[in-house]
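Each remark here refers to the structure printed beneath this line.
The values are calculated or read from the model by the stated rules, or taken from the named source; none is laboratory data. All values derive from a computational prediction rather than experimental measurement. Note that we place each Cβ from the backbone using ideal geometry, even for glycine, and neighbour counts take in every protein chain shown.
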Amino acid sequence: MTTPLFLLRCLQVGLSLRDLDLLTIGMVYDIYTESRNDDYKGYKELATQEDFDKF
């Protein structure tokens, strides 16, 4: 990943340059990846509080 592409990804998830002082590159990758998963509608079921209690 190039520096311009990295900075573009930061902008896409709303990170500022000041935020980058507190985050690693890996954290930014994880934030971007999870932001792309937010719109996924294919999950078969969602966990309930009862599921968490059993866990």
Just to be sure, is Y29 surrounded by 12 or more Cβ atoms within 10 Å (Cβ to Cβ) and out of contact with any Ser or Thr (no Cβ under 6 Å at 6 or more places or on another chain)? yes
*If you check R18 against the conditions, is it out of contact with any His (no Cβ under 8 Å at 6 or more places or on another chain), under 18 Å from M1 (Cα atoms) and not hydrophobic (A, V, I, L, M, F, W, C)?*
no
Would it be correct to say that T3 is surrounded by 10 or more Cβ atoms within 10 Å (Cβ to Cβ) and free of Cβ contacts under 8 Å to residues at least 40 places away in the same chain? no
Taking the stretch 36-55 and keeping only residues that are modelled with pLDDT of 85 or more and over 25 Å from V13 (Cβ atoms), one is left with T48, Q49, E50, D51, F52, D53, K54, F55
